[in-house]
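See structure below.
Each reported figure results from applying straightforward, stated rules to the coordinates on display, with no laboratory input. Note that the structure is a prediction, hence the values are computed from the model and not measured. Neighbour counts are summed over all protein chains in view; Cβ atoms, including those assigned to glycine, are modelled from backbone coordinates with ideal geometry.
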Amino acid sequence: MEKRESIEITASHHPNDPNDQNDGSALIKPFAQIQAKLRLLLLTGQLLMENGADTDRTSRDMMRTAAYMGIPKDEIHLHVMYTTLMLNINDETHSYTEFRKCTRHVVNMTTLSAVSKLSWRALRENYTLDSFAQALEGIAVCARAYSFPIMALGAGAACGGFCKLFGGSWLDFFLTAVCAIFGFYVRRACTNYGFNPYAVIAITSFAATWLAYCTHFVTGTMNWYPMISCTLFLVPGVPIINAVDDFLNNFIVSGMTRALHTLLVTGSMTFGIVIAVWLGNVEDFTTVSLQPDNIYFSQAIAAAIASVGFSLIFNVPKRLLPVIAAGGIITVLIRNVAVLQFGMPQAAGSFLGAAVVGLLALRAIHIFHTPNIVLTIPSAIPMIPGVLLFRLLFALMNIRTIDSAALLAGLRSGVEAITIIIAIAVGVAIPNIFIHRYIERNKQQMINGLLARRYENEG
């Protein structure tokens, strides 16, 4: 994440507030150091929102941070949007409001984990505002755990894993990985030149697909699976899942914003792919069968590779990579067995796989001390039906030349894709759907206990 300006703790204060010293006493008086608290709360929310947290997580972590700062729950009001954070703190005599824009959206699981841990640690150890600000700024400017070449290899592994999951050969895996790595570097180059983000997506997908098309000059045959899979590192899997989570948690506007962003990204990808296909005079390759070649061994390997590949892109902590690999294997194998052995719809199989991982994460988060989103989303990403979305948009972009049967097939693929995405998001969110109140009640009891201990010590 790019370096930010330092936070000034000795900000201006309310003239009626005599308790403006920057020590532990500020943590028992809601309006002491109020300007500094506002800025720190907004920076907390910004780090979460810009690095892949859903709206509910952003709100919960900001409220926990406010509790650490001594601000009662009923005196703080949040309005969390995908691009904007608004914060008001008030009582009968005071009212302070600030907002902050969130313009740079990436996925950085290490940042999400670090912010969550910091909020709990600050509560337990009664950090001064100075200490909290220094720790938070350290998170904001911390370099990613993986270099760009490693992230590019992750993109290649992720797309190659998808290729194997679709039924491609190991040669297809290699070709897909090479094309995806090339596309990853093209994306960085376009981003460095300041191109529009959706133009970047379109150019990247064109470049990767065109290279995949050109591989037939080397192999002597058209390599369909690399053409299908080489751009899938661009699929906005985290925004898709977060959009559904926002809808489930009644953050409708944020969910609609994320969903529209997902549609624009997918549309940009499809546009780039279509241009490459037209230039190569290639038939509609999205109709290629996507059945796996093996339910168990090769699929397990491919799932692990894809999950770890996305984990490198998402900056998941290194110690969790084996856990993510195991989670990817579990989700994919459960889905494959449900679909291929028991004849269940793909949406139902995807739901089962995601639900099992979501439930396992309830225990795993206490073992590995990390938020469940860090474990569940990279594990479920390999089940995202990016190709089905391609089929829908491909049909719409060629609506003037295709027949009604092809259009209907494209629409059916779109409906199936949306159903699968919802199934995955609901499966991952099973704990929050059914025992959310229980989990939050326990966390609130922990917070109340820590605050009570603080006030006893001060008394």
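Strictly greater than 28 Å: what percent of every Cα pair in the chain meets that?
Working: 54958 of 105111 pairs.
Above the 28 Å cut-off, the chain has 52 percent of its Cα pairs.
Rounded to the nearest 20 debye, the dipole magnitude of the chain is 700 debye, with +1 charges on Lys and Arg beta carbons, -1 on Asp and Glu beta carbons, and the Cα centre as origin. Taking 27 Å as the straight-line reach from the Cα of LYS164, the lysines in range (excluding those fewer than 8 positions away in the same chain) are LYS318.
For the listed peptides 404-414, 92-102, 201-211, 106-116, a ranking on the average number of other beta carbons within 10 Å per residue, highest first, reads 201-211, 106-116, 404-414, 92-102.
Amide H contacts of GLY167: ASP293, each under 5 Å away and 5 or more positions distant or on a separate chain (H built 1.01 Å from N in the peptide plane; Pro and chain starts excluded). For Cα pairs less than 8 Å apart in space and 6+ apart in sequence, what is the mean separation divided by the residue count of the chain, i.e. the relative contact order in percent? After rounding, I find 15 percent.
Report the calculated FRET efficiency for ILE439 and LEU359 (r = Cβ-Cβ distance, R0 = 22 Å), to the nearest 0.05. Efficiency, rounded to the nearest 0.05: 0.95.
The mean sequence distance of close C-alpha pairs (under 8 Å, at least 6 residues apart), as a share of the length of the range 297-396, puts its relative contact order at 31 percent.
Left without a cysteine partner by the 4.7 Å Cβ rule in the chain: CYS102, CYS142, CYS159, CYS163, CYS190, CYS214.
How many nm separate the modelled label positions at LEU171 and GLU98, each set 7 Å beyond the Cα in the direction of the Cβ? Going by the 7 Å Cα→Cβ label model, 6.1 nm.
One equal scatterer on each Cα of the range 25-143, no solvent, Debye formula: the resulting log10 I(q)/I(0) at q = 0.13, 0.14, 0.19 Å⁻¹ is -0.44, -0.52, -0.97.
To the nearest 20 debye, what is the magnitude of the charge dipole of the range 25-143 about its Cα centre, counting +1 on the Cβ of each Lys and Arg and -1 on the Cβ of each Asp and Glu?
Working: 13 positive and 12 negative charges, 54 e Å.
Here the size comes out at about 260 debye.
In terms of the mean number of neighbouring beta-carbon atoms within 10 Å, the peptides 71-81, 356-366 order highest first as 356-366, 71-81.
Let me check I've understood the local charge: for GLY154, count other residues with C-beta under 15 angstrom from its C-beta, Lys and Arg +1, Asp and Glu -1. What total comes out? Let's see the in-between values first.
Numbers: positive: ARG144, ARG187, ARG188, LYS318; negative: none.
Surrounding charge for GLY154 is +4.
Annotation for ASN90 and ILE150: the two label points, set 7 Å from Cα along the Cα-Cβ direction, are 4.8 nm apart. When peptides 186-198, 250-262, 234-246 are ranked by their average number of other Cβ atoms within 10 Å per residue, the highest-first order is 234-246, 250-262, 186-198.
Treating only the Cβ atoms of Lys and Arg (+1) and Asp and Glu (-1) as charged, compute the dipole magnitude of the range 133-265 about its Cα centre; round to the nearest 20 debye. Can you show the working numbers first?
Values: 5 positive and 4 negative charges, 42 e Å.
Roughly 200 debye for the range 133-265.
Across the range 321-334, computed HN-Hα scalar couplings (Karplus, 6.51 cos²θ - 1.76 cosθ + 1.60, θ = phi - 60°) run 4, x, 5, 5, 4, 4, x, x, 4, 4, 4, 5, 5, 4 Hz from first to last residue, x flagging Gly and Pro. By the rule of a C-alpha distance below 27 Å, with chain neighbours fewer than 8 residues away ignored, the lysines paired with LYS73 are LYS29, LYS37, LYS101, LYS117, LYS443. Ranking PHE271, PRO239, ILE305 by how far each Cα lies toward the positive end of the dipole of the chain (charges on Cβ) leaves ILE305 at the top. Placing pseudo-labels 7 Å out from each Cα toward the beta carbon at LEU407 and LEU321 gives an inter-label distance of 4.9 nm.
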